[in-house]
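Chemist: One structure, pasted below without further comment.
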Amino acid sequence: MSSALFTLPLWLDLTAVAIGAIQGAMFAARLTERRIDLLGVALIGIIVGLGGGLLRDLLLNQLPAAMSSNWYLPIATAAALLGMALLRVFTRLNGLIIALDAVTIGMFAAIGTSKALAYGVPVIPAIFVGVVTAVGGSILRDVALNLPIAVMHVGSLYAVAATAGTVLLVVLFSLGVNIFIAATVCVVVTTLTRLGSVRFGWSLPEQRALGSWKVWRRA
């Protein structure tokens, strides 16, 4: 095992877990047509809160953080329950869930990439780890709920937003910028890119559009 170049504070990882769990629980609680019970909503919150970090640590060949501290599972559970309560209070604020979703992606992207860099992972694999950390929770959420995986559909820009943020993080880190400043920039860029995709309809070309490229090029 390689020694860490720097140490990420526990509170930062727990904050990302809590925000992810809140967002996941609020997302699940909104699916009233699926009749998910309270335990199911809490479990989805926990999956979103811990899923990205679990995939991150597996890629880094580390003991999952949730298994190395007593704090992760209680924090994720409490945050998921809070997410259910918040849904009742802010039931008409759809933007709240979208904003939490975007912030969750940004925080997990920054933490995943930073942890990879801390263990001496080269910058390209570190970016990959960051992106997987960012979208892993939402992928596991959609699989658990038997929903189409959001990250694979036009208009989500989940992975693109995370990639933009993580690339900027490693560039700034390579230039000697403090890792926490670089991570903060990553969160801001990722969050704004995701919110921009929702607000302005940014998206990558659909597969069918790529398939017909030769046709409209000759037109």
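Chemist: Using only the Cα atoms of the chain, what semi-axes does the equivalent ellipsoid have when each is the square root of 5 times a gyration tensor eigenvalue? Give whole Å, largest first.
Modeler: Numbers: eigenvalues 138, 133, 45 Å².
Three semi-axes, in Å: 26, 26, 15.
Chemist: Could you give the length gained on full extension between R34 and A150, defined as 0.36 nm per residue of separation minus the Cα-Cα distance, in nm?
Modeler: Values: separation 116, 0.36 × 116 = 41.76 nm, distance 1.75 nm.
Using 0.36 nm per residue and subtracting the Cα-Cα distance, I get 40.0 nm.
Chemist: Grab the other residues whose beta carbon is less than 12 angstrom from that of I149, score K and R as +1, D and E as -1, and report the net.
Modeler: Working: positive: R141; negative: D142.
It works out to a net charge of 0.
Chemist: Name the residue farthest towards the positive end of the dipole of the chain from the options S203, A109, V131, assuming +1 on Cβ of Lys and Arg, -1 on Cβ of Asp and Glu, about the Cα centre.
Modeler: It is S203.
Chemist: So, one more: Let's test the formula: R0 of 45 Å, r as the Cβ-Cβ distance of Q62 and F200. What FRET efficiency results, to the nearest 0.05? Could the numbers behind the result be given before it?
Modeler: On the way: r = 38 Å, r/R0 = 0.85.
Once the sixth-power term is evaluated, E becomes 0.75.
Chemist: List every residue whose amide H lies under 5 Å from the amide H of I36, counting only residues 5 or more places away in sequence or on a different chain, with H placed 1.01 Å from N in the peptide plane.
Modeler: For I36, whose amide H was placed from the backbone, there are no distant partners under 5 Å.
Chemist: Please work out whether the stretch 118-207 counts as rounded, prolate or oblate from its C-alpha gyration tensor, where a ≥ b ≥ c are the square roots of the eigenvalues and a/c under 1.5 means rounded, while otherwise a/b larger than b/c means prolate and anything else oblate? Display every interim value, and only then the final one.
Modeler: Numbers: a/c = 2.37, a/b = 1.59, b/c = 1.49.
The shape class here is prolate.
Chemist: Please work out the average accessible area per residue across the stretch 3-154, using the 1.4 Å probe convention, and give it in Å².
Modeler: On the way: 7220 Å² over 152 residues.
Here the per-residue accessible area is 47 Å².
Chemist: Further, regarding this structure: Could you tell me what percent of the accessible area of the chain is made up of carbon and sulfur, with a 1.4 Å probe and every protein chain present? Could the numbers behind the result be given before it?
Modeler: Numbers: 7890 of 11540 Å².
So the carbon and sulfur contribution to the accessible surface is 68 percent.
Chemist: As a test of the formula, what do you get for the chain when each DSSP H run with n ≥ 4 contributes -39,500 (n - 2.57) and the sum is divided by the residue count, at 222 nm and rounded to the nearest 500 deg cm²/dmol? Don't skip to the end; give the middle numbers.
Modeler: On the way: 9 runs with 157 residues, N = 219.
Value at 222 nm, helices only: -24000 deg cm²/dmol.
Chemist: What are the DSSP H helices in the chain that stretch 27 Å or more along their long axis, judged by alpha-carbon atoms, and whose average Kyte-Doolittle hydropathy comes to at least -0.5?
Modeler: Helix filter hits for the chain: 10-29, 38-59, 94-118, 123-144, 179-200.
The values are calculated or read from the model by the stated rules, or taken from the named source; none is laboratory data. Remember, predicted model here, so these are calculated numbers, not experimental data. Virtual Cβ from ideal backbone geometry, glycine too; neighbours counted across all protein chains shown. SASA here: full protein model, heavy atoms, side chains in, ligands and nucleic acids out. Shrake-Rupley method; radii C 1.70, N 1.55, O 1.52, S 1.80 Å.
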